[in-house]
Amino acid sequence: MATAASASTALVRVPHLFSSTSTCRNFPLHRRCSIKTRVTGIYASVSAETPLPTRPDHLVASIVSKVIQTDRGVLLTRDEHQKVAEVATELQRFCVDEPVKCPLIFGEWDVLYCSNPTSPGGGYRSSLGRLFFKTNEMIQVVEAPDTVRNRVSFSLLGLLEGEVSLKGKLMALDEKWIQVVFEPPELKVGGLEFTYGGESEVKLEITYIDEKIRLGKGSRGSLFVFQRRKPIS
């Protein structure tokens, strides 16, 4: 999700290990036993690794399970972010050819995750901002033919409810990349409502989309995971 101008992996394959018996013919017996024990140990460590799913529906379930209830990525470690990136890279193989033209892009989406957790929400999601603002919802609505609405609702010090919203115009740059130019944000806190700042824009590559989720990568490399709020009728 892109709410400010600042908003902007490879699948590890374990090589096939040779068998201990086929590689020990030219070694003395005592060395053969040593190598056999060593290879067995390697197999034991490799077998503990969980391979990535290979079906898109399983990959979707996997990436959602990794990012759900993580405060949109804030609570994840570096290694956990890397695992999310690996699944996203694998899912990219199943993306439709021209996702920008896919009608599935339209609808209401929850922002489940960003690899740079401070990108969506701007200053409200920074380390300092999170001390004062507790994020309740982060929603992106994409309306035909070219309107994008972003909304972040929050509570201020647990006392006042508020929200920041932006309205933008979507433009397709090519078959995968989009650009959204946003009007100045609107802030509502308690009974107050006002506009501040200026226009902003963001570029995003759609790397995967289906009936349940949408993946995007910002121009600065941030990975976003969106989940559809309502099933497609």
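Just so you know, all these numbers are worked out from the coordinates, no wet-lab data involved. Keep in mind the model is a prediction, meaning the values are calculated, not measured. Reconstructed Cβ throughout: ideal geometry from the backbone, glycine too, with neighbour counts over all protein chains shown.
What is the extension gain from residue 102 to residue 161, computed as 0.36 nm multiplied by their sequence separation minus the C-alpha to C-alpha distance, in nm to one decimal?
17.7 nm
So which aspartates and glutamates can residue 169 reach, going by Cα to Cα under 13 Å and dropping same-chain residues fewer than 8 places off?
The reachable aspartates and glutamates, counting only those whose Cα sits under 13 Å from residue 169, are 143, 146, 183, 199, 201.
Taking H placed 1.01 Å from N in the peptide plane, check which residues at least 5 places from residue 161 or on another chain put their amide H under 5 Å from its amide H.
156, 190
With an 8 Å Cα cut-off and a minimum separation of 6 or more residues, compute the relative contact order for the range 173-233 in percent.
Normalised by residue count, the contact order of the range 173-233 is 24 percent.
For the ranges 188-200, 152-164, what's the packing order if you count other beta-carbon atoms within 10 Å of each residue, average per peptide, and put the highest first?
With the highest mean Cβ count within 10 Å placed first, the list reads 152-164, 188-200.
Relative to the compact-globule scaling 2.2 N^0.38 Å, provide the ratio for the alpha-carbon radius of gyration of the range 136-219.
In units of the globular-protein estimate, the range 136-219 measures up at 1.24.
Listed highest first by mean packing, meaning other Cβ atoms within 10 Å per residue, what order do 91-103, 215-227 come in?
Answer by packing, highest mean first, reads 215-227, 91-103.
Tell me which residues come under 5 Å, amide H to amide H, from residue 219 once H is placed; ignore anything under 5 positions away on its chain.
Hits under the 5 Å cutoff: 203.
Between residue 79 and residue 175, with labels modelled 7 Å along Cα→Cβ, what's the label distance in nm to one decimal, could you check?
With each label placed 7 Å out from Cα toward Cβ, I get 3.9 nm.
Please state, rounded to one decimal and in Å, the Kirkwood hydrodynamic radius that the range 180-219 gives when every pair of distinct Cα atoms enters the mean of 1/r.
By the Kirkwood definition, the hydrodynamic radius is 12.7 Å.
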